[in-house]
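The values are calculated or read from the model by the stated rules, or taken from the named source; none is laboratory data. Keep in mind that this is a model prediction, so the values were computed, not measured. As a convention, Cβ positions derive from the backbone with ideal geometry for all residues, glycine included, and neighbour counts pool all protein chains shown.
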Amino acid sequence: MSKATEIFVDSMAEHTASAGAKDRIGFEEAFSLHHRTVFRAARSIVRDSALAEDVTQEVFIKLYKHMDSLPDLEILRPWLIRVALNLAKNTVRGNIRANTRDENYVKSTVEESIYSIESEYEQQAEVDEINKALYKIKEPLRSCLVLKQQGLSYREIAESLSLNETSIGTYVARARAEFAKFYGIKGRERQ
């Protein structure tokens, strides 16, 4: 190999390495950029902030361990969401008591104070009705709707849920229609 060819090959290798370095992100930066999104994705499944925070910590531990194996920055957010959803689903499956924690909290609070609990109970009842309507929507429509409400693009939703990107708009529209149907019935009964 000639000297000029060696110099060209060396400069191309440096350029490729520097381009790869631009696509890399540090753990702290990834944590600060995506912590809130991962937390919201986990909370949408486990429906409990404390459990969602535990799931979020587990997700970032996995990220820390696999930081070198992620190919580029573009798939980081969908990867984090996918891991969060999987860990959250595993948490729900493994901990039945987590599903009843909110209900027990409402019951104990009602017994403690009637005056202050009325408005809190109404708010909790509203949240429960929203959750009931949301959980009547079948997967993957529900997950698409929740992730869209969190601000993800159709492409990110498709990558996170391993679905076809062209189907995401239809899934979101159907989920919105089903939510309106289920929640609308509840809203009319109370009035």
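Structural remarks
- Per-region count, segment 148-179, residues part of a helix (DSSP H, G or I), touching a residue at least 40 places away in the same chain (Cβ under 8 Å) and more than 18 Å from K138 (Cβ to Cβ): 2
- Scanning segment 119-151 for residues that are out of contact with any Gly (no Cβ under 9 Å at 6 or more places or on another chain), more than 11 Å from A175 (Cα to Cα) and acidic (D, E) yields E120, E122, E126, D128.
- Once segment 142-191 is narrowed to residues that are hydrophobic (A, V, I, L, M, F, W, C), more than 14 Å from the chain's Cα centre (by Cα) and at pLDDT below 85, the residue that is surrounded by the most Cβ atoms within 10 Å (Cβ to Cβ) is F182.
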